[in-house]
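Please read the structure below before turning to the comments.
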Amino acid sequence: MIGSMIQRYVFTRCMIALGLVVGIFAITIMLVDVVEQLRTVGGDIDLSPMTAVQLSLMKLPGLIEETLAFAVLVSAMIAYNQLSKSSELSVIRATGQSAWQFLAPVMVMAAGLGLFAMMILNPLGAHLSERFETTRANLLQEGGRVVERQRSDVWLRQGSDDSQIVIYAATVDSTGQVFTDVRFLEEGRVYEGARPTSRFRFTRRIDAETAQISGGFWQLSNLIENTPGNPPQELDNLAIETDLDPNTLLSRFTSPDTIGFWGLPSFINQTSRAGLDTSRFSMRWFGLTSLPVLYTAMALIGAIVCLRLSRLGGTSRLIAVGAGAAAVLFFVTQIASSFGSSGAIPALIAAWSPALCALFISLTVLAYQEDG
């Protein structure tokens, strides 16, 4: 019972420190981002401070998600450094509690926070991020500025030596491959005898309900073809050769950050069936699933460097070492993520290796210090 009470007390101290750190991070992010919105969006339209705050609030969950790992690290340092300075850690050890027992609360907190970030905060951030882009584009358009809307009002161009085609689509799906309400305006090169000229003339216009790139062709369905001097012709299907790369279109119209945790598996499956590269999205998925392990490793790094008795000195140096180790872990994670997104190494290995290595190293250091 004593152990349970002590662990609840330590857990409470960790949660208070986490709330303090996340609150400071959120306020700082809001202040900086509100100024940024007033500078960028407010530079083109008359943007009120309240509207700038609303735009920043839409970005806040996604930005908080990016800083949570460091929030866990700092909160663990604060909580256990306070316990050490007040000699509470010495009292806890005197009751027979091992480091494994009084570090369990911060590990539980970190793992739970990782699950929360993975299953709730990330989908919320993705949804609000999309709303931010839509709201920002609407505000700029109302102010008279032309803005390219992602996944809507899409303009493309393809060409060869003999023809040029301008393509407009009202919308494009999340894979960047299926376009709806499509118009094709084709112009052919003008020849003088057998000699090509630099002039082009209108050849045909095609209005299609949907268009999809597959096997090097635009596959159009439910279309009307208009050619000069001929009546409109209705067709069920038509194929037009294209040199556009579906993977390039996917990268242009879809970012892994705009798809929430729950929507990623179906998106990856759908995109994979279409024959497109899903490395970036697989990396994002496995990276999210590794968050509980990554946060637990960060919490252990922060707590371990504060277990030394304050009267022995050297605490500041250990905290600096812990901060440096966390920074190294962050950069290694980013490098591994780049390799995984490019397909150089499997996404599962790229996402989980840094987190697992950091966790095992932290557990080894803890076992050596406390039990060795």
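The values are calculated or read from the model by the stated rules, or taken from the named source; none is laboratory data. Here the structure is a predicted model, which means the values were calculated and not measured. Virtual Cβ from ideal backbone geometry, glycine too; neighbours counted across all protein chains shown.
Details
- Single condition D33 does not satisfy, out of (1) exposed (fewer than 13 other Cβ atoms within 10 Å of the Cβ); (2) touching a helix residue (DSSP H, G or I) at 6+ places or on another chain (Cβ under 8 Å): (1)
- Answer from D277, D257 - the residue that is within 19 Å of N122 (Cβ to Cβ), of a type outside the set (S, T, Y) and at pLDDT below 85: D257
- Positions within the range 78-106 being in a helix (DSSP H, G or I), of a type outside the set (G, A, S) and surrounded by fewer than 20 Cβ atoms within 10 Å (Cβ to Cβ), in sequence order: I78, Q82, K85, E88, V91, R93, W100, Q101
- Strands (runs of 3 or more DSSP E) (entirely within the range 175-233) containing at least 1 residues that are surrounded by 13 or more Cβ atoms within 10 Å (Cβ to Cβ), on the phi > 0 side of the Ramachandran plot and charged (D, E, K, R): 178-192
- Some residue of the range 143-165 being assigned by TED's automatic domain parsing to the domain that holds E225, modelled with pLDDT of 85 or more, of a type outside the set (K, R) and over 28 Å from I16 (Cα atoms): yes
- Restricting attention to the range 322-372, the residues being surrounded by 17 or more Cβ atoms within 10 Å (Cβ to Cβ), in contact with a Pro (Cβ under 8 Å, 6 or more places away or on another chain) and within 21 Å of I304 (Cβ to Cβ) number 2.
- Residue among E65, E36 that is in the same structural domain as F132 (by TED's automatic domain parsing), among the charged types (D, E, K, R) and either in contact with a strand residue (DSSP E or B) (Cβ under 8 Å, 6 or more places away or on another chain) or at pLDDT 90 or above (or both): E65
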